[in-house]
Amino acid sequence: MKASSMALKSNLSIVGDPGAAKYALSRRDFLKLAGLFSGGALLNACRPFVSTPTTGASNEVQLVYQDWRTEWFPLMAQQMLEQFHSTHPNIRVFYVPDPVNVEERLLEDMRAGVAPDVFAACCSFFPILAQEDQTLDLRPYIEADLDQETIQDWDPVQYRALQKRDGEQYGLP
């Protein structure tokens, strides 16, 4: 893992935390956060504040992050998000574990407009989400905020595998 990603390892809150505040998120911080949690993180096109942050006096943003439902992962994610929240006070990330039937449920949640903003996905259902036009095109964010050195660190086949035929980049390795 690159040093820039390691610096972002952070704090996690559980959705529904009554004390949770709203936080802002720059494109650069968002891509770093997405990269931190990816094994192929997707951004949900159903959540418009990703590209249009919540307005207000403090420009605060909240993100819902969904990932593995294992015995050890939630604790690790909580520790990472605690660190992240301490260094990124404008961003509040809420962790939720994958549902048991994540492959079916994620597409249903996307269609209903209630899916998480950032999540990890893989080979069996990841491309289906993009084919159903349920993901955000990452190209503008990549061009604006991701250096070529980072992109070149990824296997080119994996990087291109997360593109649609029209070139839309719907995920990152």
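The values are calculated or read from the model by the stated rules, or taken from the named source; none is laboratory data. These numbers come from a predicted model, not from an experiment. With ideal geometry, Cβ positions are generated from the backbone for all residues, glycine too; neighbour counts draw on all protein chains shown. Side chains are part of the model used for accessible areas, which takes the heavy atoms of the whole protein and leaves out ligands, DNA and RNA. Shrake-Rupley method; radii C 1.70, N 1.55, O 1.52, S 1.80 Å.
Accessible surface of region 65-173, 1.4 Å probe: 51 percent of it comes from carbon and sulfur atoms. Taking all protein chains into account, the per residue accessible area for region 59-100 stands at 52 Å² (1.4 Å probe). Among the GluC sites (Glu not before Pro) found in region 68-173, those both in a DSSP coil and sparsely packed, with 15 or fewer other Cβ atoms within 10 Å of their Cβ, are GLU71, GLU132, GLU168.
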